[in-house]
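Here is the structure we will look at, set down as structure tokens.
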Amino acid sequence: MRVIDSHTEGEPTRVILSGGPDLGTGNLSDRARQLRDEHSWIYTATLAEPRGHDAMVGALLVPPSDPTCAAGVIFFNTVGNLGMCGHATIGLTATLAYLGQIGPGTHRIETPVGVVTAQLEDPNTVRVTNVVSYCLQSGVTVEVDGIGPITGDIAWGGNWFFLTEFDRIDLCPSNIPALTQAAHGIRSALNRAQITGADGADIDHIELLGPPKSTTAQGRNFVLCPGGAYDRSPCGTGCSAKLACLAADGKLSEGVVWQQESVIGSSYDCSYVTHPSGGIVATIQGQAFVTSEATLVFNTADPFRGGICTHKRES
Ligand code: PYC
């Protein structure tokens, strides 16, 4: 299996160029379901230890069903598929540029939740225009063990998020274990209360929000991802969900740049336009750098060739 690794604002992406399962040529959401139902070995085999680690996101390159798209991609982490992934779209675009497969300009990319566009500004700088994002419900309160009541919004940004202003623990790297524990508690409380996204969808990303540390940013976040790792980047789909909530609350106007910091201090420049559905279309700009090119080797004599599975999907 040939892969290229990159990081986007600190968050790793592993693009699978060849050697992945053949999923045929159906639409991308059907192929994503097929990956989940018939080839879930790929999650830990390609991303988990000993070849990777929990924070990695995979991007399986597949032929697009839409001929206007430069690529089709199914994103996944160590425990399952992701609908969209902002940082991995930036990583994928920088990877395709590194390979000489695309040049500067705007490229359409097909994902299981719709077509997004990626504008390659320079070899490392990419502006992604996401699928339509929206705030489903605001002011939702849950009782969190050891913390008490927490109120937040439920929003779609290509994945489902629960977003809450969180001032109990400073959003800084030394507090990552405590932030992770708090976000886990919130996710468990949502599950207990059977609070979901649209159509009963799992809210599998928890976004804690706080004030920025740099003078150029407007906000900072800590995002807990489905497998239990935190997003090193400000989370492209999480930023889209955040902008949808800001727009719904009348707190950010169309076209105004919102700079979002991650818990490690990296940042995205984000803005939106409104969509006729009442949602928004967010644009996220960040930088990605290729870190390695590799061939993954699966030796049948290796008892850990399928990866070490330490986490189940937490929902
Ligand atoms: O950037 O959208 C994102 C993302 C989702 C999970 C990890 N990164």
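The values are calculated or read from the model by the stated rules, or taken from the named source; none is laboratory data. Values in this document were obtained by computation on a predicted structure and should not be read as measured data. FYI the Cβ positions are ideal-geometry reconstructions off the backbone, even for glycines, and counts take in every protein chain you see. In case anyone asks, the SASA skips ligands and DNA or RNA and just uses the protein heavy atoms, side chains included. Shrake-Rupley method; radii C 1.70, N 1.55, O 1.52, S 1.80 Å.
If you check GLY19, GLY10, GLY52, which single one turns out to be within 13 Å of the ligand (Cβ to nearest atom) and modelled with pLDDT of 95 or more?
GLY10
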Counting only residues that are of a type in the set (A, V, I, L, M, F, W, C) and within 16 Å of the ligand (Cβ to nearest atom), region 132-141 contains a total of 1
- Query: Taking TRP156, is it touching a Phe, Trp or Tyr at 6+ places or on another chain (Cβ under 7 Å) and on the phi < 0 side of the Ramachandran plot?
  - Reply: yes
Here, strands (runs of 3 or more DSSP E) confined to region 198-315 with at least 2 residues that are open to solvent by 10 Å² or more (accessible area, probe 1.4 Å), more than 16 Å from LEU171 (Cβ to Cβ) and at pLDDT 95 or above are 267-274, 280-295
Here the qualifying pairs (Cβ atoms under 8 Å; residues six or more apart or on different chains; first in region 139-159 and farther than 17 Å from ASP204 by Cβ; second basic (Lys, Arg) and open to solvent by 70 Å² or more (accessible area, probe 1.4 Å)) come out as ILE147/ARG168
Scanning region 142-171 for residues that are β-branched (Val, Ile, Thr) and assigned to a strand (DSSP E or B), the one most open to solvent (accessible area, probe 1.4 Å) turns out to be THR151
Exactly one of ILE74, ILE90 is at pLDDT 95 or above, in contact with a Gly (Cβ under 6 Å, 6 or more places away or on another chain) and within 21 Å of GLN287 (Cα to Cα), and that one is ILE90
When region 142-201 is checked residue by residue, the ones that are over 26 Å from MET84 (Cβ atoms) and either within 16 Å of the ligand (Cβ to nearest atom) or among the basic types (Lys, Arg) (or both) are ARG168, ARG192
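Could you list all residues from region 23-32 that are open to solvent by 20 Å² or more (accessible area, probe 1.4 Å) and at pLDDT 95 or above?
SER29, ASP30 - these are the residues of region 23-32 that are open to solvent by 20 Å² or more (accessible area, probe 1.4 Å) and at pLDDT 95 or above.
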Exception for LEU35 within (1) open to solvent by less than 10 Å² (accessible area, probe 1.4 Å); (2) farther than 21 Å from PRO234 by Cα; (3) not in a helix (DSSP H, G or I) falls at (3)
Cβ pairs under 7 Å, 6+ apart or interchain, first in region 6-18 and open to solvent by less than 10 Å² (accessible area, probe 1.4 Å), second away from the ligand (no atom under 11 Å from the Cβ) and outside any strand (DSSP E or B), ordered by first then second residue, are SER6/ALA94; SER6/THR95; THR13/LEU92; VAL15/LEU92; VAL15/THR95; ILE16/MET1; ILE16/THR46
Taking region 181-194 and the residues there that are open to solvent by 10 Å² or more (accessible area, probe 1.4 Å) and touching a strand residue (DSSP E or B) at 6+ places or on another chain (Cβ under 6 Å), the one that is farthest from THR141 (Cα to Cα) would be GLY185
| request: Restrict the check to region 108-121 and report whether at least one residue is touching a Lys or Arg at 6+ places or on another chain (Cβ under 9 Å) and either open to solvent by 60 Å² or more (accessible area, probe 1.4 Å) or assigned to a helix (DSSP H, G or I) (or both). | output: yes
* To do: Kindly indicate whether ALA88 is crowded, with 20+ Cβ neighbours inside 10 Å and either assigned to a helix (DSSP H, G or I) or within 16 Å of the ligand (Cβ to nearest atom) (or both).
  => yes
